[in-house]
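See structure below.
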Amino acid sequence: MQIDTFTGGLFDTNCFFLPEHGLLIDAPQDVAAWLAERGVHVEVLLLTHGHIDHVWDAARIQRDHGCRVGYHPETEPMITERDFFVKFGFGWEIEPVQPDWRLTETDSETIAGVEFQILLVPGHCPGSLCFFERKERVLFGGDVLFAGGVGRWDLPGGDGELLFRGIREKVYPLGDDVTVLPGHGPATKIGIERQTNPFVGGA
């Protein structure tokens with residue numbers, strides 16, 4: 001499975017495009033222009049969560065490509081309320097993005113021809129999702145687990161203990177060989193994080 005990575009915006013946010021399936025996971029700033037330069041078409045946009053750096057270009061992509069958009073209902077206010085972040089003192093308004101369908105935790109859902117296990121791992125923010133592709137042993141992790149770190153939990157709706165528990169109980173059991181493609185920073189392996197991550201510890 002070909003996975004192309006784009007990193008954009010003020011926060012160096014990663015997103016991942018599967019060109020054979022027209023599937024994009026997350027939409028940081030400037031990814032819309034990157035897609036246009038490549039001349040590719042997005043069929044489906046999945047959002048791991050609603051933080052501004054992951055949804056910055058989502059409305060433009062939805063408009064330009066006519067793609068279907070899916071995310072978890074608990075993250076919906078961040079994505080549909082233009083002034084959600086302004087209310088918390090941040091200087092960003094978003095262009096609202098309405099979902100075509102709402103994603104929930106499930107052992108198996110086929111999206112754009114790709115079978116995923118969808119994991120709900122809140123704590124970084126409500127409704128935070130990870131998408132696990134079993135055949136390739138790849139986890140699109142959003143801002144849950146990083147190489148040597150985890151997603152911050154001091155933003156609205158964050159809960160550190162909830163995040164750590166979700167990683168131990170849901171992410172680690174996927175297997176040490178699983179590659180994690182995170183929302184920020186380089187790829188890592190679950191096995192490496194189980195042994196060395198200073199925030200979560202082993203399980």
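The label point for D4 and the one for R152, both projected 7 Å from the Cα toward the Cβ, are 3.1 nm apart. With all protein chains in place and a 1.4 Å probe, the accessible surface of region 86-203 carries 50 percent carbon and sulfur.
For the pair E20 and D177, the difference between a 0.36 nm per residue extended length and the Cα-Cα distance amounts to 54.1 nm.
Taking 17 Å as the cut-off, the amide N atoms of region 144-184 that come nearer than this to a point 7 Å along the Cα-to-beta-carbon line of T196 belong to 145-150, 176-182. Averaged per residue, region 53-196 has 43 square angstrom of accessible surface, using a 1.4 angstrom probe with ligands and nucleic acids left out.
Charged side chains reduced to their Cβ positions (Lys and Arg at +1, Asp and Glu at -1) give the chain a dipole of some 280 debye around its Cα centre. Model label points for R168 and K135, set 7 angstrom from Cα along the Cα-to-Cβ axis, are 3.5 nm apart.
Over the chain, all Cα pairs binned in 5 Å intervals from 0 give whole-percent P(r) values of 1, 8, 17, 22, 22, 17, 9, 4, 0, listed from short to long. In terms of its C-alpha gyration tensor, region 31-115 has an oblate overall shape, because the principal axis ratio a/c (a ≥ b ≥ c, square roots of the eigenvalues) is not below 1.5 and a/b does not outweigh b/c.
Here E115 and R63 are evaluated by their C-beta separation; at R0 = 30 Å the FRET efficiency comes out at 0.60. Looking at the chain, the DSSP beta bridges with both ends there are about 65 percent antiparallel.
Distance from the Cα centre of region 1-77 to that of region 148-172, in angstrom? When both Cα centres are located, 23 Å separates them.
Under the shape rule built on the C-alpha gyration tensor, where the axes satisfy a ≥ b ≥ c, region 79-192 is oblate, since a/c reaches at least 1.5 while a/b does not exceed b/c. Please give the residues of region 17-53, grouped as numeric ranges, whose backbone N is less than 13 Å from a label point set 7 Å along the Cα-to-Cβ vector of W92. The answer is 27-31, 49-53.
Straight-line reach from K135: taking Cα to Cα under 30 Å and skipping same-chain neighbours fewer than 8 places apart, the lysines in range are K170, K189. If you take the Cα atoms of region 35-74, find Rg, then find the Kirkwood Rh from the mean of 1/r over all pairs, what is Rg/Rh? So for region 35-74, dividing Rg by the Kirkwood Rh gives 0.97.
The values are calculated or read from the model by the stated rules, or taken from the named source; none is laboratory data. This is a predicted model, so every value here is computed, not measured. Neighbour counts run over all protein chains shown; Cβ positions are idealised from the backbone, glycine included. Accessible surface areas use protein heavy atoms only, side chains included; no ligands, DNA or RNA. Shrake-Rupley method; radii C 1.70, N 1.55, O 1.52, S 1.80 Å.
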